[in-house]
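For reference, the structure discussed in these notes is given below.
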Amino acid sequence: MDINIFRKMSYGVYIVSSLDGERPTGCIANSIMQITSSPATVAVSVNHDNYTNGCIEKTGKFAFSIMAKDSDAGLIGNFGFRSGKDVDKFEHVDYEMVQGIPVVKFTCGYVVCKVINKMETATHTVFLGEVIDAGSYDGMGDAMTYAYYHNVVKGKSPKNAPTYLPENGDGNTVENEKKAKYTCQVCGYVYEGNALPEDFKCPICGVGADRFVKSE
């Protein structure tokens, strides 16, 4: 079975948010879809291991902010590769509260939902939400797709993401024998160049050059 076919399916990149008591928290997701138009309902898939999963369960509400191509890629590292159990992901993020739920600015916009049903799978909860508010932010570019994130930003899915695929040596970046490749061991970002600068910081998750490994 060729599971790489899933890379051909269309996905967006979203910041799913809720509340941990009174503290905002959230995670990255790319499996969100509209189910009906009237009343507007959407479904979002959240890994059982994501701290946000339990927060949505307790709060009964969630929102998702739609990443734009020109959104800060560091948001993916912040929300996708750290746990809200250990850190305040919203500490340095520009956001606002809508219907009591945090939504991230400098994205295409947001959708806020109340949970009306859910389905459990072996690894994920699929929350069905009725839309109670939505809005757009002016001045942002096109929505970021998973394909754009994977092929242009050179990022990879967090292990908790529904679309995560183990690496199998199939070559996720364009081969260029004239340039060395250095891979971030935290988020999978690939840097290509003659040498990795000592002061280099990963544009996705923010770790330093010491967390990069040169490809053979």
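Since every read-out is calculated from the coordinates, none of them should be taken as a lab result. Note that the coordinates shown come from a computational prediction; the quantities given were computed from them, not determined experimentally. Backbone-built Cβ (ideal geometry, glycine too); neighbour counts: all protein chains shown.
Figure the gain on full extension for residue 38 and residue 72 (residue separation times 0.36 nm, minus the Cα-Cα span) and round it to one decimal in nm.
Result for the pair: 8.9 nm of gain on full extension.
Once the other residues with Cβ under 11 Å from the Cβ of residue 95 are scored (Lys, Arg +1; Asp, Glu -1), what is the net sum?
Residues close to residue 95 contribute a combined charge of -1.
Semi-axes of the equivalent ellipsoid for segment 19-82, please: Cα gyration tensor eigenvalues, times 5, square-rooted, ordered largest first, whole Å.
Semi-axes from the Cα gyration tensor: 20, 18, 11 Å.
Give 61/85; 69/114; 181/201; 69/201 a once-over and call out the pairs whose C-alpha atoms are over 23 Å from each other.
Exceeds cut-off: 69/114.
May I ask you to derive the relative contact order of segment 7-76, considering only C-alpha pairs under 8 Å and at least 6 residues apart, and to give it as an integer percent?
35 percent
Each residue of segment 95-111 in turn: what ³J(HN,Hα) in whole Hz from Karplus with 6.51, -1.76, 1.60 and θ = phi - 60°, glycine and Pro shown as x?
Along segment 95-111, the couplings run 9, 9, 9, 10, 6, x, 10, x, 10, 8, 7, 6, 10, 5, x, 9, 9 Hz.
Go from 0 up to the bin containing the longest alpha carbon distance in segment 1-138, width 5 Å each, and give me the % of pairs per bin.
In whole percents, the pair-distance histogram is 2, 10, 21, 24, 22, 13, 6, 2, 0.
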